[in-house]
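A short worksheet on the structure shown next.
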Amino acid sequence: MPLSYTIAVIAIPLLMFLFLGLVGVKMEKKLTGILGCIGMLVTTVLAYGVALTYFFGTGEGQVSAEGVRQAVTVFNPDWLSFSKTLVVRMGIMLDPIAAMMLIVITTVSMMVHLYSLGYMCDHHGHAEKGFQRYYAFLALFTFSMLGLVVATNLFQIFIFFEMVGVSSYLLIGFYYESPAAIHASKKAFIVTRLADLFFLVGILILSYYTQTFDFFGSDVNGIAGLLDNPQSSVAKAGATTFMGCSAMAWALTFIFIGGAGKSAMYPLHIWLPDAMEGPTPVSALIHAATMVVAGVYLVARLFPLYVIVQGAMDIICVVGAFTAFYAAAIACVQSDIKRALAFSTISQIAFMMTSLAVSSADGKLIEIHGGYGLGYMASMFHLFTHAMFKALLFLCAGAIIHAVHSNENDKMHGLHKYMPITSFAFLIGCLAIAGIPPFAGFWSKDEILVAAYEKGLGWGIWMSMVAGMTAFYMFRIYFLIFHWKKHEVHTEHEPSDQPWTMTLPLIILATISIVAGFVPAANLVTWDGAPLHTQLNWTVAGSSVLIACVGIGLAYKMYYKENTLPQRMADSCRGLWTAAYRRFYMDELYQFITHKVIFQGICKPIAKFDRAVIDGFFNMLAEVTNTVSFGIRKLQSGSIQGYVYVYFIGALLLAAVTAMFVIF
Amino acid sequence: MNLTLLMYLIPSLIMFGCGVYGFLTRKNMIAIMISLELMLNSIDINFVVFNRYLFPGQMEGMFFTLFAIAIAAAETALALAIIINVFRIAKDVDINKINKLKF
């Protein structure tokens, strides 16, 4: 098996985690960072080798006779076998999206490892407290995420889903002395955990009816055939109904809820903005590029099933389209740079979700062209490009925060003169996300819009509008940070470009953001492995560029030079502005539901019942025993002759009673 | 003169009654112990007499009496030892003053 060294890609981060976590504490701080980087570099090189071999190799079993790239199962041993059918396996499977994700994860993780060498130090170059722990957790996260994407079955995905959740929790709460970080990490963990509960239920329903945890191959014809055959498990799952929907639809919807929790879809998005309390490189790696797309990846992984269950797809479509708009609207008014970027991430992930969901636009089962594969391909392509430019934006934000010691816009302003490299890198990131050709985002977002227009004009226009908002809010952030007015130096030293460990990743990621659009994704990352023939739709491309330019122009007009226009606009619709700034009160709503409804309405009465009735019963038993004992203990007087009297009288009475029985 | 069962049992009963009376009324622990011995002895007499008159062919009652005497001797030694120790601590053998063994 030529790809058997894929195991090393997974194993090295795990070993790094164990090594850095156990031994690292005793070592020099900087040394652990350098070791972590070297380990990650080896992983990256190997992962690139795996992905390139997979995409361009022509080895046995990789490409079928029709030119369709096959999924390769490197190995898949039984891990837990409960019965003949209930077997949980742990293995490695490579298919186009898994191979692509290997590249995404290792690239961004490598950049973040390198960047953190600079970021996790103060201005004198001394490493922060917990430096070793930080690198150990980074390795843990990388391991979990890699294990997730190469999973061979749903249960393995679930296990690694939990593990990325845990590593995300650990890294958000890295600054465990700050209460905000602790609250944010708890919130992230609880929200995603709640969503994962639905995921687990979905898995159980699905595997109960289909008798397997394995994925269905990308052969929709095969699955549709199964659906027609009433004896097959898929048909049974499709035929069993509960509350008007088939068991399959329920299962897939529940699994989507699990994915929505990780991918921060409305209304489970509330944890992501708070997760920005973690170190910025962590936000770049976990909360922008990799972990938050796990939900998208999950839906893509089960795409052959989603395609045949239109109801679940419609839910995803509506949730995705709404979230894209909702998050974009909030991103337009946020003043904290990282939070604005977080909402931008939510919006972009919603783009990917919507794109996946519009893939089944025509509703016909076995059509494998046009609407089908395009949205899927576009979604995965956007996942790839978005990971690159969003990681770039976050790392730029980290450099800025490191320079000015604040997350707030008003502490920045006019940094262009002080941090030219960061400024250019950020500009490239903004152009890429706004969809200006030839930057990466243009190509992927264009495909998404084409897919959306194929689903329906309304969907297309909606997504185009959100794309325009994206351009506006990104350039709002850019102009507010780097221009607006002259920078007022708040700290004791002037802000400047950061050391090479932090600048080099920016340059590399900026380069990738420029050229990533030319990756022939349509030929490589398709849902069935067959190359997809696409061509640029000039109408959609032209209009989306035009909309992006309008957005940028508006941002330029409002935010390039200091003026009162933004203030006046905010004042003219104060209510709306405040609502958007407060994130449309979703956090307050959650607070209300959890505290007022659940805690006050349900938990408190239950606690009262527990204390009053259940505890009370046992307290009563103890109390009665106590009182009675105090009452009768006087009988033990210590006077031996007293006891004998009682004994003697008792014996006499007993004798008398016995005598009565004998006589009568 | 023909001795009947009753002629043995009546003295035994009197002995037992004396023992109970002594046990309940005397204050001196040694006197109480002597009363206890009286009761034991009256029981022993009962054993022997019942055996002799009711089951003349068998010997269990006799053996039981011998056992009871042996155990009573051991018990007396033990009780005397306890009384001596109590006297060393309390400087007294009055049963009413030795009532510490209570709640």
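The values are calculated or read from the model by the stated rules, or taken from the named source; none is laboratory data. No experiment lies behind these values; they were computed from the predicted model shown. No Cβ is skipped: glycine too gets one built from the backbone with ideal geometry, and neighbour counts run over all protein chains shown.
Does any residue of the stretch A:429-438 turn out to be buried (at least 24 other Cβ atoms within 10 Å of the Cβ), outside any helix (DSSP H, G or I) and not acidic (Asp, Glu)?
For the stretch A:429-438, residues buried (at least 24 other Cβ atoms within 10 Å of the Cβ), outside any helix (DSSP H, G or I) and not acidic (Asp, Glu): present.
Has the stretch A:587-608 got at least one residue that is closer than 20 Å to A:LEU480 by Cα and aliphatic (A, V, I, L, M)?
So in the stretch A:587-608, the residues closer than 20 Å to A:LEU480 by Cα come out as none.
The answer is no; no qualifying residue exists.
Out of everything in the stretch B:75-103 that is polar (S, T, N, Q) and without any contact (Cβ under 8 Å) to a residue 24 or more places away in the chain, what residue ends up being nearest to the other protein chains (Cβ to nearest Cβ)?
In the first step, residues of the stretch B:75-103 are kept if they are polar (S, T, N, Q); the result is B:76, B:85, B:96, B:99.
Now narrow it down to the ones that are without any contact (Cβ under 8 Å) to a residue 24 or more places away in the chain: B:85, B:99.
On the way: B:ASN85: 16, B:ASN99: 3 Å.
By that ranking, first place goes to B:ASN99.
When the stretch A:471-499 is examined, which residues are found to be without any contact (Cβ under 8 Å) to a residue 40 or more places away in the chain and either among the β-branched types (Val, Ile, Thr) or assigned to a helix (DSSP H, G or I) (or both)?
To start, the set of residues in the stretch A:471-499 that are without any contact (Cβ under 8 Å) to a residue 40 or more places away in the chain comprises A:489, A:492.
Answer for the stretch A:471-499, where residues must be without any contact (Cβ under 8 Å) to a residue 40 or more places away in the chain and either among the β-branched types (Val, Ile, Thr) or assigned to a helix (DSSP H, G or I) (or both): just A:VAL489.
Check the stretch B:26-41 and report whether any residue there is within 13 Å of chain A (Cβ to nearest Cβ) and either acidic (Asp, Glu) or in a loop (DSSP other than H, G, I, E, B) (or both). Steps first, answer last, please.
First pass over the stretch B:26-41, keeping only residues within 13 Å of chain A (Cβ to nearest Cβ): B:26-29, B:31-33, B:35-36, B:39.
Filter once more, so that each one left must be either acidic (Asp, Glu) or in a loop (DSSP other than H, G, I, E, B) (or both): B:26-27.
Yes, because at least one residue in the stretch B:26-41 is within 13 Å of chain A (Cβ to nearest Cβ) and either acidic (Asp, Glu) or in a loop (DSSP other than H, G, I, E, B) (or both).
Just wondering, is there one or more residues in the stretch A:638-657 that are more than 29 Å from B:ASP94 (Cα to Cα) and either in contact with a helix residue (DSSP H, G or I) (Cβ under 8 Å, 6 or more places away or on another chain) or within 14 Å of chain B (Cβ to nearest Cβ) (or both)? Write out each step before concluding.
Within the stretch A:638-657, the first condition is being more than 29 Å from B:ASP94 (Cα to Cα), and the residues that meet it are A:653-657.
Checking which are either in contact with a helix residue (DSSP H, G or I) (Cβ under 8 Å, 6 or more places away or on another chain) or within 14 Å of chain B (Cβ to nearest Cβ) (or both) leaves us with A:655.
The answer is yes, given that some residue of the stretch A:638-657 is more than 29 Å from B:ASP94 (Cα to Cα) and either in contact with a helix residue (DSSP H, G or I) (Cβ under 8 Å, 6 or more places away or on another chain) or within 14 Å of chain B (Cβ to nearest Cβ) (or both).
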At least 2 residues that are of a type in the set (S, T, N, Q) and either out of contact with any Ser or Thr (no Cβ under 8 Å at 6 or more places or on another chain) or over 24 Å from A:ASP95 (Cα atoms) (or both) in each: list the helices (runs of 4 or more DSSP H) lying fully within the stretch A:264-311 that qualify.
A:280-284
Residue pairs meeting the criteria (Cβ under 6 Å; at least 6 apart or on separate chains; first under 16 Å from B:ALA73 (Cβ atoms), in the stretch B:24-50; second β-branched (Val, Ile, Thr))
B:ASP44/B:THR65
When you go through (1) closer than 18 Å to A:VAL319 by Cβ; (2) modelled with pLDDT of 85 or more; (3) surrounded by fewer than 19 Cβ atoms within 10 Å (Cβ to Cβ) one by one for A:PRO179, which number turns out not to apply?
(1)
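Answer yes or no as to whether A:ALA612 is within 30 Å of A:PHE482 (Cβ to Cβ) and of a type in the set (Gly, Ala, Ser).
Here the answer is no, as A:ALA612 does not meet what is asked.
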Do we have any residue at all in the stretch A:623-646 that's of a type in the set (Phe, Trp, Tyr) and within 22 Å of B:TYR21 (Cβ to Cβ)?
yes
Is there a residue in the stretch B:43-62 that is under 30 Å from A:TYR643 (Cα atoms), of a type in the set (Asp, Glu) and more than 14 Å from chain A (Cβ to nearest Cβ)?
yes
Of the conditions (1) buried (at least 23 other Cβ atoms within 10 Å of the Cβ); (2) more than 25 Å from A:THR32 (Cβ to Cβ); (3) out of contact with any Phe, Trp or Tyr (no Cβ under 8 Å at 6 or more places or on another chain), A:PHE82 fails just one. Which one is it?
(1)
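Looking only at the stretch B:15-25, how many residues end up being of a type outside the set (Val, Ile, Thr) and facing another protein chain (nearest Cβ under 9 Å)?
Taking the stretch B:15-25 as the starting set, the residues that turn out to be of a type outside the set (Val, Ile, Thr) are B:15-19, B:21-24.
Then keep just the ones that are facing another protein chain (nearest Cβ under 9 Å); that gives B:23-24.
Going through the stretch B:15-25 one residue at a time, the tally reaches 2.
Quick check: anything in the stretch B:2-15 assigned to a loop (DSSP other than H, G, I, E, B), among the polar types (S, T, N, Q) and farther than 30 Å from A:GLY642 by Cβ? Give the derivation first.
Residues of the stretch B:2-15 assigned to a loop (DSSP other than H, G, I, E, B): B:2-4.
Now restrict to residues that are among the polar types (S, T, N, Q): B:2, B:4.
If we keep only those that are farther than 30 Å from A:GLY642 by Cβ too, we end up with B:2, B:4.
Yes, the stretch B:2-15 contains at least one residue that is assigned to a loop (DSSP other than H, G, I, E, B), among the polar types (S, T, N, Q) and farther than 30 Å from A:GLY642 by Cβ.
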Please tell me if A:ILE330 is crowded, with 24+ Cβ neighbours inside 10 Å and either at pLDDT 90 or above or part of a helix (DSSP H, G or I) (or both).
yes
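Residue under question is A:MET558, and the condition is that it be closer than 30 Å to A:SER347 by Cβ and more than 14 Å from chain B (Cβ to nearest Cβ); does it hold? It would help to see each step written out before you state the result.
On the way: closer than 30 Å to A:SER347 by Cβ: yes; more than 14 Å from chain B (Cβ to nearest Cβ): yes.
Spelling it out, A:MET558 is indeed closer than 30 Å to A:SER347 by Cβ and more than 14 Å from chain B (Cβ to nearest Cβ).
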Name the residues in the stretch A:514-542 that are modelled with pLDDT under 80, assigned to a helix (DSSP H, G or I) and crowded, with 21+ Cβ neighbours inside 10 Å, would you?
A:ALA521, A:LEU524
